[in-house]
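Enquirer: There's a structure below that I have some questions on.
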Amino acid sequence: MTVSACRAYVAGLPAALMATALWGFTFLGPAAVAPVNVYYLVVGRYGVFGLMSLAVLITHHRVGLRGLGPRRLLTALHLGVVGYIGFYLLLAMSAELGGGVLASTMTGLIPLMVTVVSNLLEKVLAWRRLVLPIAAISLGLLLVNSGAPADSSAGGRDPAFGAVLGFLASAAWSYFVIVNRRTLERARPAVDGTTWTACIGIGACLGSLLLLPLALTGGGRSPFADAGTLWPYLAWCVALAALGSWCATWFWNLASERLPATVMGPVIGMEAVFGAAFNLLWEGRTPAFHELWGGLLVVAGVLLASYLFNRAGLTRTAEPQQADLVIKAPAPASPEPRCSATTDPPEKPFR
């Protein structure tokens, strides 16, 4: 590894881990504001995120917004609705019905979903090689969910439906990751990351407004019931918006500029690990047997799938290079060698 590559890893890997840690921190939201219903939390968090994004566009990125174009703007807005509102709402409902550890662990499906869809689009790896990582992740999720009957006595708990909602949340975020990456690849360098993130934030804010009727008519306490409920609610909305939305995205973009995609894939799986760890700390307990080993199996399956894709990508890249070496092999010396500006002088030894 060269010095520049080593510096890129030293800066990029901590940034990627910080992003996943901040995303895992957001899993605490539903438990932290309870008994306020989850719709109020989503509206509050993304309302703050939208205001932050609007301030950024007005103060620094008006030119970038004009260069975005209506089609890309609509893409960014719809990604904000699906990836932020859809994902977090489904995840929060999953945590409410199945528990925070279950919901956090279900997000371990995201790297696998992204991997499978990417393989469908690019045909990198033979499907038979995915059997082992898929089996490990499935068994891990099964172990985590095996504690569901013991938790079902809690009021309002439905772990099975919570697992379904967690799966749908993972699908929404996987869609966001794939479409967002492909759109940015085609749009560069016309679109800068800050303008793009701000447009997504405005889309998330607009989408959250559709949940206002559900927030007003849903169960649970209103955050405006008293000051003891309002101030913690507002503090968590600001924290989730600033840390879990804006800062996490900024760290992820920083890491994406320095690390290859084959390294970023496994790091996404750490979001589930951080989320489960934060929930265990919040609940003040150690992980149960099924939670510990189930979570480890999920992480192992994610890392194995990423390793297989990394290896397949390296092999794929090496094959053209080998072919080039054969094609570009030096021809036998002729009696009258010809030199050009791009070749070494004949007296230099070949390395």
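The values are calculated or read from the model by the stated rules, or taken from the named source; none is laboratory data. For clarity, every value in this text was computed on a predicted model and none was experimentally measured. Every residue, glycine as well, gets a Cβ built from its backbone with ideal geometry; the counts of neighbours run over all protein chains shown. Note: areas computed on protein heavy atoms with side chains; ligands, DNA, RNA excluded. Shrake-Rupley method; radii C 1.70, N 1.55, O 1.52, S 1.80 Å.
Enquirer: Condition test on V81, is it surrounded by fewer than 23 Cβ atoms within 10 Å (Cβ to Cβ), without any contact (Cβ under 8 Å) to a residue 60 or more places away in the chain and closer than 28 Å to G166 by Cβ?
Expert: no
Enquirer: For residues in the range 158-204 being touching a Leu at 6+ places or on another chain (Cβ under 7 Å) and within 14 Å of S53 (Cα to Cα), which is most open to solvent (accessible area, probe 1.4 Å)? Write out each step before concluding.
Expert: The initial filter retains those residues of the range 158-204 that are touching a Leu at 6+ places or on another chain (Cβ under 7 Å), namely 158-159, 161-163, 165-170, 172, 176, 179-180, 191, 195-196, 198-200, 202-203.
Of the ones still in play, those that are also within 14 Å of S53 (Cα to Cα) are 195-196, 198-200, 202-203.
On the way: T195: 1, W196: 7, A198: 0, C199: 2, I200: 7, I202: 43, G203: 2 Å².
The extreme case among them is I202.
Enquirer: Still on this model: Out of the range 281-311, which residues are among the small types (G, A, S) and within 8 Å of G140 (Cβ to Cβ)?
Expert: Answer for the range 281-311, where residues must be among the small types (G, A, S) and within 8 Å of G140 (Cβ to Cβ): G294, G295, A300, G301.
Enquirer: In the range 34-44, is there at least one residue being surrounded by fewer than 19 Cβ atoms within 10 Å (Cβ to Cβ), part of a helix (DSSP H, G or I) and at pLDDT 85 or above?
Expert: No, every residue in the range 34-44 fails to be surrounded by fewer than 19 Cβ atoms within 10 Å (Cβ to Cβ), part of a helix (DSSP H, G or I) and at pLDDT 85 or above.
Enquirer: Continuing with this model, one more query. Any residue in the range 222-235 that is in contact (Cβ under 8 Å) with a residue 24 or more places away in the chain and farther than 19 Å from N37 by Cβ? Steps first, please.
Expert: Of the range 222-235, the ones in contact (Cβ under 8 Å) with a residue 24 or more places away in the chain are 222-223, 229, 232-234.
Add one more test, that the residue is farther than 19 Å from N37 by Cβ, and what stays is none.
Among the residues of the range 222-235, not one is in contact (Cβ under 8 Å) with a residue 24 or more places away in the chain and farther than 19 Å from N37 by Cβ, which makes the answer no.
Enquirer: What's the total number of residues in the range 181-213 that are at pLDDT below 80 and in contact with a Phe, Trp or Tyr (Cβ under 9 Å, 6 or more places away or on another chain)?
Expert: So the answer is 3.
Enquirer: Kindly indicate the residue of the range 10-21 that is farther than 17 Å from S245 by Cβ and open to solvent by 30 Å² or more (accessible area, probe 1.4 Å) and also nearest to the chain's Cα centre (by Cα) among those meeting that condition.
Expert: Filtering first and then ranking leaves L17.
Enquirer: Let me ask another. Could you tell me whether R128 is under 26 Å from I178 (Cβ atoms) and open to solvent by 20 Å² or more (accessible area, probe 1.4 Å)?
Expert: So R128 fits the description; yes.
Enquirer: Quick one: which of G24, G50 is over 27 Å from G98 (Cα atoms), in contact (Cβ under 8 Å) with a residue 12 or more places away in the chain and open to solvent by less than 10 Å² (accessible area, probe 1.4 Å)?
Expert: G50
Enquirer: Which of (1) part of a helix (DSSP H, G or I); (2) surrounded by fewer than 22 Cβ atoms within 10 Å (Cβ to Cβ) is the odd one out, the single condition G219 does not satisfy?
Expert: For G219, the failing item is (1).
Enquirer: Mind counting the residues in the range 222-233 that are of a type outside the set (S, T, Y) and buried (at least 18 other Cβ atoms within 10 Å of the Cβ)?
Expert: Number satisfying all stated conditions: 1.
Enquirer: Hey, among the residues in the range 206-216 that are hydrophobic (A, V, I, L, M, F, W, C) and open to solvent by less than 30 Å² (accessible area, probe 1.4 Å), which one's nearest to V38 (Cα to Cα)?
Expert: Per the criteria, the residue is A215.
Enquirer: If you scan the range 235-262, which residues turn out to be at pLDDT below 80, over 13 Å from the mean Cα position of the chain (by Cα) and buried (at least 17 other Cβ atoms within 10 Å of the Cβ)?
Expert: Within the range 235-262, L254, R258, L259 qualify.
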